[in-house]
Amino acid sequence: MYTNSGSIDDAEGVLGEFSEENTLPKNAMISGYLSEGHVDKARKMFDNTAANDAASWSALITGYIKNGMHAEALALFQDTIVSHILPNEAALKMPQRNIVTRGLKISASAIYGQAKKCFQLFDEMLADGIHLNKVIFVAMLSSCSYAGCVEEGRQYFSRMKHDFGIRRPVEAMNAW
């Protein structure tokens, strides 16, 4: 409530009344800090939380994107994959339609085994004239690998090299 009204000081005071294990008020504070542009405070709160949940990760990812920190959002999303934590729906319903948000959606769809959704997002990016990079291709190859789409994977691998001039990044080799 306090974070939504812009009263961060009041919200910080209320936070002290909750137990250390309760992530709900901490997630609200993370979101509140980010909505006010206090990225460092949000990250410190996140890092000092003993057990971040999917909502914690999603709040930070969404906040990074809203604050124009696209590379950091993508890196954090990749950390969620390594940590076996899947971001919630809020982090995946991002209003911006740029390479970062679409790359996150492709990666999330790949994790959930939705290869057709990945193919659709890839085609939309091409239609919108977005210049694709190795991160997108690594996500696409991972999607093909998860879904057992061998032929499609070969096609994306070939396009990565021939159409986009991306020389077989190590990540792509590991994904495929």
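Just to be sure before I move on: is Gly129 part of a loop (DSSP other than H, G, I, E, B) and at pLDDT 85 or above in the structure I sent? I'd like the intermediate steps shown before the answer.
Numbers: part of a loop (DSSP other than H, G, I, E, B): yes; at pLDDT 85 or above: yes.
Answer is yes for this residue.
Restricting to the range 26-60, count the residues that are open to solvent by less than 20 Å² (accessible area, probe 1.4 Å) and either modelled with pLDDT of 85 or more or assigned to a helix (DSSP H, G or I) (or both). Steps first, please.
At the first step, the residues of the range 26-60 found to be open to solvent by less than 20 Å² (accessible area, probe 1.4 Å) are 26-27, 29-30, 32-34, 42, 46, 49, 56, 58-60.
Now restrict to residues that are either modelled with pLDDT of 85 or more or assigned to a helix (DSSP H, G or I) (or both): 26-27, 29-30, 32-34, 42, 46, 56, 58-60.
So the count comes out to 13.
Just for the range 104-153: of the residues that are more than 20 Å from Gly165 (Cα to Cα) and among the basic types (Lys, Arg), which one is surrounded by the fewest Cβ atoms within 10 Å (Cβ to Cβ)?
Lys116
Which residue pairs have Cβ atoms closer than 7 Å, lie 6 or more positions apart in sequence or on different chains, and pair a first residue in the range 122-144 that is among the basic types (Lys, Arg) with a second residue that is surrounded by 20 or more Cβ atoms within 10 Å (Cβ to Cβ)?
Close Cβ pairs (under 7 Å, with a partner that is surrounded by 20 or more Cβ atoms within 10 Å (Cβ to Cβ)) amount to Lys134/Ala172.
Of (1) among the hydrophobic types (A, V, I, L, M, F, W, C); (2) in a helix (DSSP H, G or I); (3) surrounded by fewer than 18 Cβ atoms within 10 Å (Cβ to Cβ); (4) at pLDDT below 75, Ala71 satisfies all except one. Which?
If we test Ala71 against (1) among the hydrophobic types (A, V, I, L, M, F, W, C); (2) in a helix (DSSP H, G or I); (3) surrounded by fewer than 18 Cβ atoms within 10 Å (Cβ to Cβ); (4) at pLDDT below 75, just (4) comes out false.
The values are calculated or read from the model by the stated rules, or taken from the named source; none is laboratory data. Predicted model only: the values in this text are computed from it and were never measured. No Cβ is skipped: glycine too gets one built from the backbone with ideal geometry, and neighbour counts run over all protein chains shown. Side chains included, ligands, DNA and RNA excluded: accessible areas come from the protein's heavy atoms. Shrake-Rupley method; radii C 1.70, N 1.55, O 1.52, S 1.80 Å.
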